[in-house]
Amino acid sequence: MSGAASSAPASGLRIPAPGVVIPLAAIAASFVVGFALMALTGSNIGAAIGAFAQGAFGSAYAIGTSLNRAVALGLVGLGFILAERANLINVGGEGQIAMGGIFSTAVALYGGVKGLPYGLAVLLPLLAGTLAGAAWGALAGVMKIRFGTNEVISTLLLNFIAILLVYWSVQSVHLLRQPASFAGTLPQSLQVPPSTTLPLLTGNPADPLHIGAAVAVVLAIVTALVLRRSAFGLRLKAIGLSPTASHRAGIRTDALMVSVLALSGAFGGLAGAMMLLGDQGYLTAGFSSGYGFDGLVVGLLARGSAAGVAAVAIFFGFLRSGGISMQISAHVPAALVTIVQGMIVVAIAGSAILIERMGRRA
Amino acid sequence: MNLETLAVYIASTLHFALPLMLAASGELVSEAAGVLNLSLEGMMLFAAFFSVWGTSVTGDPWIGLLWGIASGIVFAILQAVLSVRLRANQLVVGIGLNILALGATTFLNREIFGALSRQLVPGFGHLHIPGLSTLPLLGPSLFQQDLVVYVGLALIVAIWFVLRFTAYGVACRAVGDDPRSADWAGISVTRVRSIAILVTGAMAGVAGTLISVGDIRTFTEGMTNGAGYLAIAAIIFGGWRLWPTVGACLLFGGAMALQFQFSAATSPVPTAALLMLPYVLALLSVAGLVGRQVPPAALTIPFFGSR
Amino acid sequence: MTGQTATAVDPLQTTGRASRVRAPDVREPVLDLAGITKSFGALTALSEAALEVHAGEVLCLLGENGAGKSTLCNLIYGVFRPTGGEMRLGGAAYAPADPKAALEAGVGMVHQHFSVVPSMTVVDNLLLGRSRGILHRRLFAEEIRARAAEFGLEVDPWRVVKDMSVGERQRLEIVKCLMRRPRLLLLDEPTAVLPPEEIGSFLDVCRRIADGGGALILVTHKLAEVAKIADRTAILRAGRIVDTVPMASADMKAIVQAMIGRELGGATVAVGLDLAEHAEAAETDELPASAEASGKIPAATKSRPPDVLQIDALTYRDRNGAVRLDEITVEVRPGKILGIAGVEGNGQSELGLILAGLERPSAGRWFVGDREMTRASPAEITAAGVGIVPEDRHAVGAVVEMSVAENLCLQNLAQYTRFGLVRRGAMTAAAKDLIARYDVRGAGPETRFASLSGGNQQKVVLARELTLDPLVLLVAAQPTRGLDVGAVETVYGHIRSACGRGAGVLLISSELDELIAVSDRIAVIYRGRIVGEMPATQKNREAIGALMSGHAA
């Protein structure tokens, strides 16, 4: 009856002007607050900005590190928007990363892959991580279709279980913990063999950017295509809007829900495997360190667009790297960057309704 | 396990469970009204810091508690304005606010107390319940708690009463299950939800204070360490009902206490498995494998009004 | 408070129906609208509406879908605010800011959709928004019982709403309004959800409220109800009140004309129970051509082609184990229309869901031609040439937020897909063609389904289901529900033409007169059983009606 106001599409409005301007304003405002805090505490703003820039994109090394972070965030974000199209909210990125980390470590260390040719030494651990993430996502999907469990709640809980599984894996010598004879008894796994780590894009060790970046770009393009043009994407949209009508129209809704959550989880698992094989090199407790939640935020802020995921992920990647550098070389607490990041998320989320209203008027 | 270790175990269960119970029963009010505050974690962290700061400034832990409650409420106002007034996505706001709280408390802690400070603040006094507290074995563990513990328990009972027997309690459930009908009945969905979030903030404030001033008497960065999420899991396991939720918190507290009961070496079960147990139980319960739990129908869904 | 009520209402109640014939009311109206206009953006939903309602009066608000009935109610109830004009309530200026203000001013509203919270008890629902501080449930429960009893209603205050039937919930909605003793009660299509057997007693309740001194505005598009209950009738068309007639001088045909703004077509599909009776002679002469051609007597001499639909002892138990369908056995011949008549809630919905593949029967089998479909998925049913016009157009018939083209092509998406990518061009072209052929008005391929009127939505569904190739069987469940008179005719035209092309039709409807006008034969369903089947003629009307109400033949 009140058709004028009550229907508010959850996502998917793509209006260039307000959708870009308002988030940019939110980001700018958050930075202003950050600078104000810096000034209040008597830090040297110039030095801080210098350190931030140096750490974020001051060198090939800095850029590579930032982009590697962005790859992980972006993959989780892509997974998120895929499931979101079917009206499924996957908040389980953190757990899917953790599962990806565990299984890629396990296969890299104990799967007998390190001597395999044709890149299989890298591909098999990556695949294992991806499948583990997919299984973790699919679990939420199966619970949804079998028991009607809300996926927000199940994926949230699965995060904590997976994080504790990492903890368990590196605590127990029967699992992935390094043997006690090695360099002390730190609760972590062995370093994965060099042949199983992700190849660097440039081949130059000074530039840590690994092939994950290329993979992520390809996956972003494929995701955009799937969402906009494919029959699969249209079916996802249909079940997202009306599962019953879609079922009647002959769409296998249950299978589709499980598949898309598995797919979404696979992106998280792949992210975890890449973080491990491309960056960290060994499994340790807290290995996922909030990337899943940040990636979720990336997905949410992207408002259903793969290009949006790329933009937000790269931005967050640089932000994190810059923050760390700022703390080390300018003695400005990295917590300041955390504050700015939190404010950006909150401000953009808060302005979503504004964007929507302006978009409708346009 | 002999009686003495049992008594210690029960005391330690209560010790771990109480902050969860307070946070969870406060959060339950919001969830009943249809708002999921992932920011519960941030609210507790915020309060944990401000109560320490308040106690350190005034030397009085009770004033510190008020600071904690006030900071929890301030934080809750942010959540309420964003998720209820501006109808922002509750999950994003919650996660964003948690990032913000972690950043802000870490930043403030370094600015005020210095990065490595472990300065202790005065704690709460004990209340001995005459007669009961001198009972052998269980007496000291159960009836010789910090006074603030009894305040907390009283607050939980108060929440039960409000939800069960008052107009506001009925309004909360209506708003959480069927906001449109509530709106038509003349209930302001925005108002009921906003108040619910403030209640959550206040309770999280008490819970956060218990974790810092009420326990180790200082603040450490990120010290809530997932307690907020665990409280949310307890609500899920408790099926969005108060006493089962409180029971779930006790169970979770028991699992945490077990981990200290056994040293890692002698533990018959890996500690990770124990810590995981609460989440696994919550997961099974939302799957309907351990009792069937149905969340409020409008949980996490913003209300856009009838106009 | 409780005691006071009883004494206040008792004397009025005894006056009963006699009060209906009374001198024109010269007192001040309870509600007085002057020049009320409401626009949503560029759309004017209501323009210059003027209306008075008096105490003790039932005013019926009649109009096609989209004529502005609901908008008018929502303005009075404070859901919307008027763009222009003035409202007066009991002589004072009245401009409610929100429903709360309207409630406080003494205006109650029963919505088209239920406004009670399913998970709560009756008493909690009725306390909602009426009480502060600590609740006194017991006291209030007594008050509820007493208030309901005044109007001959029975309510158990301690029941949880989700355990109640549709009829019970509707009664609860009314009791909820009555608790506040409103001066004015707005009823927005309250009978749309009621089973026919409960409509009568519902209208009695309305009358009792009016006799007790209340003023009622009843929105409906069922003429039979207007004839039974209205003191006056206001007719809305395209956002304007085109006429207000006292019932004493009412001519039903004139009302219908005012409502749709044109003469009715020849083969009048029954628009109201009473009308149908007047038109009986005409209707029997004008039976559908297909029915005439095939004759009403089985052609025993010809070799019999297989039935298009055979339902064999189909039984369905719901989740609680209650038997909803009990060994249903029917068959549909090619080119014939079999009507399933029955008061709603006797298993028709379940039958429709099973034939759509959305529920599985507990026992028994069903066949399309000689293919067994008992455990077929919706996709397999569609592939077998079964078109489905579901009862719930919004939840089952279409994805309302998607475009017309997407809805038209969704079930054979593979046809518009190459290398996994959707061929938008082909899809748009196909949609354009169907929109033209099925006369879907005000829509292009990219129009959102939800923005179409009910009649045009139904045309889109029909366009999709009737163009199956081959179309063997059409199952249409309540296909004209909520449609205006003009659209009803179009829908039946399409169904008849499907029949003319040799498809069999199973038509499930609760509108007996429509069934008689359209079907060849009618099977009656009562409490999940087929209790009789006979040719669809006016002569059998009484007999079918008796079967529907459970009087075994």
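Bear in mind that the values in this text are calculations on the coordinates, not laboratory data. Small disclaimer: the values here were computed from a predicted structure and weren't measured. Heads up, the Cβs are rebuilt from the backbone with ideal geometry, glycines too, and the neighbour counts pull from every protein chain shown.
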- Item | Whole-number D in µm² s⁻¹ for the range A:44-331, Kirkwood Cα-pair radius fed into Stokes-Einstein, 10 °C, 1.306 mPa s | 82
- Query: Of A:Ala249, A:Ala306, A:Ala347, which has the largest mean-square fluctuation in a 10 Å C-alpha GNM of chain A?
  - Reply: A:Ala249
- Message: If I build a Gaussian network model for chain A, linking alpha-carbon pairs within less than 10 angstrom, which residue out of A:Val21, A:Val297, A:Val113 has the largest mean-square fluctuation?
- Response: A:Val21
- 3J(HN,Hα) from dihedral phi, the range C:519-527, Karplus parametrisation 6.51/-1.76/1.60, rounded to Hz, x for glycine, proline: 7, 8, 10, 10, 9, 9, 10, 9, 6
- With labels modelled as points extended 7 Å from the Cα through the Cβ direction, what inter-label distance (nm, one decimal) is found for B:Trp243 paired with C:Ala34? 6.1
- Which residue, A:Gly111, A:Gly203, A:Gly101, has the most motion in a Gaussian network model of chain A that connects Cα atoms within less than 10 Å? A:Gly203
- Which value in deg cm²/dmol, rounded to the nearest 500, describes the helix-derived mean residue ellipticity at 222 nm for chain A, given -39,500 (n - 2.57) per DSSP H run of n ≥ 4 and division by the residue count? -24000 deg cm²/dmol
- Note on the structure: With R₀ set to 30 angstrom, the calculated FRET efficiency between the beta-carbons of B:Thr58 and B:Ala158, to the nearest 0.05, is 0.70
- Based on the Cα atoms of the range A:128-244, what semi-axes does the equivalent ellipsoid have, where each is the square root of 5 times one gyration tensor eigenvalue, given in whole Å with the largest first? 35, 26, 9
- Note on the structure: Most exposed to least, judged by fewest other Cβ atoms within 10 Å, A:Thr338, C:Thr467 sort to C:Thr467, A:Thr338
- Would you mind telling me the antiparallel percentage of the DSSP bridges in the protein assembly as shown, rounded to 5? 55
- Query: Kirkwood hydrodynamic radius of the range B:1-100 from all distinct Cα pairs, in Å?
  - Reply: 15.0
- So for the pair A:Val218, B:Ile77, with labels modelled 7 Å out along Cα→Cβ, what separation do we get in nm? 5.3
- Note on the structure: Sequence order, the range C:494-509: Karplus ³J(HN,Hα) from phi using 6.51 cos²θ - 1.76 cosθ + 1.60, θ = phi - 60°, Hz rounded, Gly and Pro as x, gives 5, 5, 5, 5, 4, 5, x, 8, x, 6, x, 10, 10, 10, 9, 8
- Query: Going by how many other Cβ atoms sit within 10 Å of their own, how do C:Phe202, A:Phe316 line up, fewest first?
  - Reply: C:Phe202, A:Phe316
- Could you tell me what % of all Cα pairs in the protein assembly as shown have separations over 52 Å? 33
- Query: Under 5 Å between amide H atoms, partner at least 5 residues away or on a different chain: which partners does C:Ile508 have, H built in plane at 1.01 Å?
  - Reply: C:Ile340, C:Ala476, C:Ala477, C:Gln478
- Message: Using the basic label-point model (7 angstrom from Cα toward the beta carbon), what is the A:Leu40 to A:Lys114 distance in nanometres?
- Response: 5.2
- Message: Taking the beta-carbon count within 10 Å as an exposure proxy, list B:Leu163, B:Leu230 from fewest neighbours to most.
- Response: B:Leu163, B:Leu230
- At R0 = 51 Å, FRET efficiency that the Cβ-Cβ distance of C:Met534 and C:Ala146 yields, to 0.05: 0.60
- Message: Loop-only trypsin sites (Lys or Arg not before Pro) in the range C:325-384, please: DSSP not H, G, I, E or B, and at most 14 other Cβ atoms within 10 Å.
- Response: C:Arg375
- Task: In whole angstrom, note down how far apart the Cα centers of the range A:54-125 and the range B:12-28 are.
- Result: 36
- Note on the structure: Non-local residues with an amide H under 5 Å from the amide H of A:Leu198, with H modelled 1.01 Å from N and Pro and chain starts lacking one, are A:Gly278
- Message: Could you give each residue of the range A:138-148 its phi-based ³J(HN,Hα) in whole Hz, using Karplus coefficients 6.51, -1.76, 1.60 with θ = phi - 60°, and x for Gly or Pro?
- Response: 4, 4, 4, x, 5, 4, 5, 7, 7, 10, x
- Message: With the cut-off at 30 Å, tell me which of the pairs C:Lys100/C:Lys459; C:Lys336/C:Lys459; A:Lys144/C:Lys459; C:Lys162/C:Lys539; C:Lys69/C:Lys539 have Cα atoms farther apart than that.
- Response: C:Lys100/C:Lys459; A:Lys144/C:Lys459; C:Lys162/C:Lys539; C:Lys69/C:Lys539
- Long-range Cα-Cα pairs in chain B (distance over 33 Å), rounded percent: 24
- So which aspartates and glutamates can C:Lys38 reach, going by Cα to Cα under 16 Å and dropping same-chain residues fewer than 8 places off? C:Glu48, C:Glu86, C:Asp98
- Item | Efficiency of FRET from Cβ geometry, C:Asp392 and A:Leu200, R₀ 60 Å, rounded to 0.05 | 0.55
- Item | Long-range amide H partners of C:Arg324 with built H, under 5 Å | C:Tyr316, C:Arg317, C:Asp318
- Message: Within chain B, which whole H helices from DSSP have a Cα span along their axis of at least 30 Å and a mean Kyte-Doolittle hydropathy of 0.0 or more, if any?
- Response: B:3-32, B:90-113, B:189-211
